[in-house]
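A quick write-up on the structure given underneath.
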Amino acid sequence: MKLASLKTGRDGQLVVVNQAMDQYVAVPDIANTLQIALDSWQSCEPKLQNVYHDLNAGTLTGKPFNNLHCASPLPRAFHWADGSAYVNHVELVRKARNATMPDSFWSDPLMYQGGSDTFLGPREDILVFDESWGIDFEAEVAIIVDDVPMGVSIKDAQEHIKLFMLVNDVSLRNLIPGELAKGFGFYQAKPSSSFSPVAVTVDQLENYWSDGRLHLPLRALLNDKLIGQPNAGIDMTFNFGQLIHHAAKTRPLCAGTIIGSGTVSNVDRSNGSCCLAEVRMLEILAQGKASTEFMRFGDEVKIEMLDDTGQSIFGQIHQKVVPYVYSETGEQP
């Protein structure tokens, strides 16, 4: 099943999208928003699956689906936690600045809690005041869970995964060192993240989902140039079950909590990278300095995952970097 949220109000309008992602049906009689559906997933999910089946079978007539009209599947969420499950990526970044990596990084996941009140839709601009802040994309896989009890086991944690998405976790790289030096984590360096047009249930992933990992390449393009397509199922040190277990160690997770994988990265560098920071770190290690710039105003990033037949699973994140102009309403000229 594929679900999306059309832009309306703060929380969007939940719609069911067909397999080809060219038609949709609104389902207000089941749930007006995705968050409402997640709050009552056990009763809503079978009804949504029936609509999905009828839409694909042609027994239900849909309207044309256009991701320009999409908000994030969850336009805002109660909880957004992003991991860094590809530890080779962390090791690379630290190595480039001659920093050692504690052994615990390989046994205890890294995770931070990000802002979840202003997610961007898949076609919304990335608004930034200043290019010098080091604008970067980070292509990741994300999951949405139902209610997770505190202390959930790794084995049981995976059963709480209800939906999958892609995410562009935008980072302002030149603001990160100053924030981390304070010893209190990210804040200003992490503006609004954006998510794929649709969120999908596990049945849409066929044999690609196993051992708590999604085994498909994740493509990242900048100005239509392929930056990388590393496989999300390879070199993921901590699977999603482990990430949920880690997040729920000291508190329960409410339905609608989103957990990200962190930047997808492979030890084999032949498939490229899913962020510019990694590209730059490899250049520093090879040449002594970085030659790739971070994103500039006017640059466009695209993030997508295709199955073995070339079919897009989640739709495409396609964003342009645009200068932000302050106004009382937030509306841009």
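General observations
- Measuring between their Cα centroids, the range 249-285 and the range 1-72 lie 29 Å from each other.
- Unit charges at the beta carbon, dipole of the chain: most positive-side option, Ala199, Asn168, Pro64: Asn168
- Dipole of the chain, positive direction: furthest Cα of Leu214, Ile259, Met21, with charges on the beta-carbon: Ile259
- Among 3-9, 151-157, 32-38, 321-327, the order from most to least packed when residues are scored by Cβ within 10 Å on average: 32-38, 3-9, 151-157, 321-327
- Value at 222 nm in deg cm²/dmol, rounded to 500, when DSSP H runs of n ≥ 4 in the chain each add -39,500 (n - 2.57): -5500 deg cm²/dmol
- Relative to the Cα centre, the charge distribution of the chain, modelled as +1 at Lys and Arg Cβ and -1 at Asp and Glu Cβ, gives a dipole magnitude of about 420 debye.
- Taking all Cα pairs closer than 8 Å and separated by 6 or more residues, the relative contact order of the chain comes to 22 percent.
- Cβ-based net charge around Asn271, under 13 Å, with every Lys or Arg adding one and every Asp or Glu removing one: -1
- Taking label positions 7 Å along the Cα-Cβ direction at both Ser327 and Asp22, the computed distance is 3.7 nm, reported to one decimal.
- Inverse mean reciprocal Cα-Cα distance (Kirkwood Rh) of the range 1-64, Å: 11.6
- Between Arg251 and Lys225, the modelled labels are 4.2 nm apart [label points 7 Å from Cα along Cα→Cβ].
- Helix axis angle, 87-96 relative to the chain longest principal axis, alpha carbon, degrees: 30
- Of the peptides 81-92, 210-221, 110-121, 257-268, the order by per-residue mean of other Cβ atoms within 10 Å, starting with the highest, comes out as 257-268, 81-92, 210-221, 110-121.
- Size descriptor for the chain, Kirkwood hydrodynamic radius: 20.2 Å (Cα pairs only, one decimal).
- Extension gain for Glu206-Asp108 works out to 32.3 nm (0.36 nm per residue, less the C-alpha to C-alpha distance).
- Translational diffusion coefficient of the range 145-268 (Stokes-Einstein, Kirkwood radius from Cα pairs, 20 °C, 1.002 mPa s): 132 µm²/s.
- Loop chymotrypsin sites (Phe, Trp or Tyr not before Pro), the range 178-249 (other Cβ atoms within 10 Å of the site Cβ: 13 or fewer; DSSP): Phe184, Tyr187
- In the context of the full set of protein chains, the chain has a per residue accessible area of 45 Å² (1.4 Å probe).
The values are calculated or read from the model by the stated rules, or taken from the named source; none is laboratory data. Quick caveat: nothing in here was measured; it's all calculated off a predicted structure. A quick note on method: Cβ atoms are made from the backbone with ideal geometry, for glycine too, and the neighbour counts reach across all protein chains shown. The protein model used for the area step is the full one, side chains on, heavy atoms only, and it has no ligands, DNA or RNA in it. Shrake-Rupley method; radii C 1.70, N 1.55, O 1.52, S 1.80 Å.
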